[in-house]
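The structure under discussion appears below in the form of structure tokens.
The values are calculated or read from the model by the stated rules, or taken from the named source; none is laboratory data. Just so it is clear, the model here is predicted, and its values are computed rather than measured. Ideal geometry is used to build each Cβ from the backbone, glycine not excepted, and the neighbour counts take in all protein chains shown. Surface areas here come from the heavy atoms of the whole protein model, side chains and all, with no ligands, DNA or RNA. Shrake-Rupley method; radii C 1.70, N 1.55, O 1.52, S 1.80 Å.
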Amino acid sequence: MTETDRTARPEVEGLTVLDATDRLMEHDPTLDRKEVRGALYTVSAYGEEVEELLTWEAVESKLAHLSKVVSTPETRAELAEIALEDALEAAGEERVREVVQTRLDGHAARLDRIQREVTDLGADLRRLTEADEDLYTVAQGIVDLERRSNGLQKLADDLQLELEEFETWVSNPRSRFDELTGDLNALSESLEQVSDGLDRIERAVETGDTEPLETDDTALAWVDATFTHHVLELLLEDLRWEFDALRAWSDEDGDEVTDRVETVEDRLTEFERRVDDVGDRLSSVARQRWADRFADERAAFEADLEDVSPPIDWGAVQATLTEHRQGLQPETETE
């Protein structure tokens, strides 16, 4: 790193982490003290002199270590790519089934995103090494890059594991229904959370006490619950589609999975009833002024999901849900 004029922030070279943190906070009180101290300590820990003393030599040592951290996600992404090739081979002729190809496409898309972001890590490390910045700015950049690298490593590791699990899934019919059962368990938890939220909304309507809600605006809590309910309807539709595909697959192959088929079918029927019940409760607790107030928001949300059908892209659905939730505005006066 070249010696240049680093006057954007106060010079902290030669200071202890505590003194440097104080100086930076005095210069810019909007900084997060914990974040500042953490970034500086991360760098100082690589110094060879007094503990917690900030030097550019310590920065250089930390950057040398960071180069190893940055290279790890690339290796893990390569392993995930090999795992994808193995998964494609394991799928064989079953790739003609939409339920199989959809999973493979999803894994391939995740790998592509990881590989693109991993490529950016090396360029960002080079920019940090050549940065003409003050010590704290470089330290914060180091922390951010290290966090991103570790996150991508985990994503690549998780993908590799899921691809290995896919090989079992595609070759073992019981494994396929067991995984579907796990998805049903997750749906059950989501339904419980929505039901609990509805309990709180109903109590708020009856008593006027909004403290148990996450907002003082009961109508806002209600419309958010309607969004969640619509997503649960889509989830149930997606699970029903997958169940039908897996059952047809097992019927064609003559698999002995009658017990699992019956169990999953019974649970799907139960969840259809429970999702409908949530919808009825949402309609029952609703007030006309709530419906009028959020009519446009609900219509826009449903319109954006109107063409969604199985197999569903859940990343897109989650993004749509987040976008519309962020667009909901509380009333400035008490409902």
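Condition first: buried (at least 19 other Cβ atoms within 10 Å of the Cβ) and acidic (Asp, Glu). Now tell me which residues in segment 224-237 satisfy that.
The answer is ASP224, and nothing else.
Out of the residues in segment 61-93 that are open to solvent by 50 Å² or more (accessible area, probe 1.4 Å) and in contact (Cβ under 8 Å) with a residue 60 or more places away in the chain, which is farthest from the chain's Cα centre (by Cα)?
Per the stated criteria, the residue is ASP86.
Residue check: is ALA286 open to solvent by less than 40 Å² (accessible area, probe 1.4 Å), of a type in the set (A, V, I, L, M, F, W, C) and free of Cβ contacts under 8 Å to residues at least 12 places away in the same chain?
Criteria not met by ALA286.
Just to be sure I understand the filter: pairs with C-beta atoms under 7 Å, separated by 6 or more residues or on different chains, first member in segment 182-203 and more than 17 Å from ARG273 (Cα to Cα) and assigned to a helix (DSSP H, G or I), second member among the aromatic types (Phe, Trp, Tyr) and open to solvent by less than 70 Å² (accessible area, probe 1.4 Å). Which pairs pass?
ILE201/TRP222
Restricting to segment 205-260, and then to whatever is small (Gly, Ala, Ser), within 18 Å of GLN288 (Cα to Cα) and in a helix (DSSP H, G or I), can you tell me which residue is nearest to the chain's Cα centre (by Cα)?
ALA225
Does segment 125-142 hold any residues that are touching a residue at least 60 places away in the same chain (Cβ under 8 Å) and under 22 Å from THR75 (Cβ atoms), and which are they?
LEU125, LEU128, THR129, ILE142
From THR332, THR258, THR322, grab the single residue that is at pLDDT 95 or above and of a type in the set (Val, Ile, Thr).
THR322
Identify, please: which residue in segment 167-190 is over 21 Å from GLY92 (Cβ atoms) and out of contact with any Leu (no Cβ under 7 Å at 6 or more places or on another chain) and is, among those, most open to solvent (accessible area, probe 1.4 Å)?
Among residues in segment 167-190 that are over 21 Å from GLY92 (Cβ atoms) and out of contact with any Leu (no Cβ under 7 Å at 6 or more places or on another chain), the one most open to solvent (accessible area, probe 1.4 Å) is GLU189.
Just to be sure I understand, how many residues within segment 204-223 are in contact (Cβ under 8 Å) with a residue 12 or more places away in the chain and open to solvent by less than 70 Å² (accessible area, probe 1.4 Å)?
The number of residues fulfilling the criteria is 12.
Which condition does THR226 not pass, out of (1) hydroxyl-bearing (Ser, Thr, Tyr); (2) free of Cβ contacts under 8 Å to residues at least 12 places away in the same chain; (3) in contact with a helix residue (DSSP H, G or I) (Cβ under 9 Å, 6 or more places away or on another chain), if it passes all the others?
Result: THR226 fails condition (2) only.
Given the conditions (1) open to solvent by 40 Å² or more (accessible area, probe 1.4 Å); (2) of a type outside the set (A, V, I, L, M); (3) assigned to a helix (DSSP H, G or I), which single one is not true for PHE301?
For PHE301, the exception is condition (1).
Does at least one position in segment 127-145 carry a residue that is loosely packed, with under 14 Cβ neighbours inside 10 Å, hydrophobic (A, V, I, L, M, F, W, C) and out of contact with any His (no Cβ under 6 Å at 6 or more places or on another chain)?
Among the residues of segment 127-145, not one is loosely packed, with under 14 Cβ neighbours inside 10 Å, hydrophobic (A, V, I, L, M, F, W, C) and out of contact with any His (no Cβ under 6 Å at 6 or more places or on another chain), which makes the answer no.
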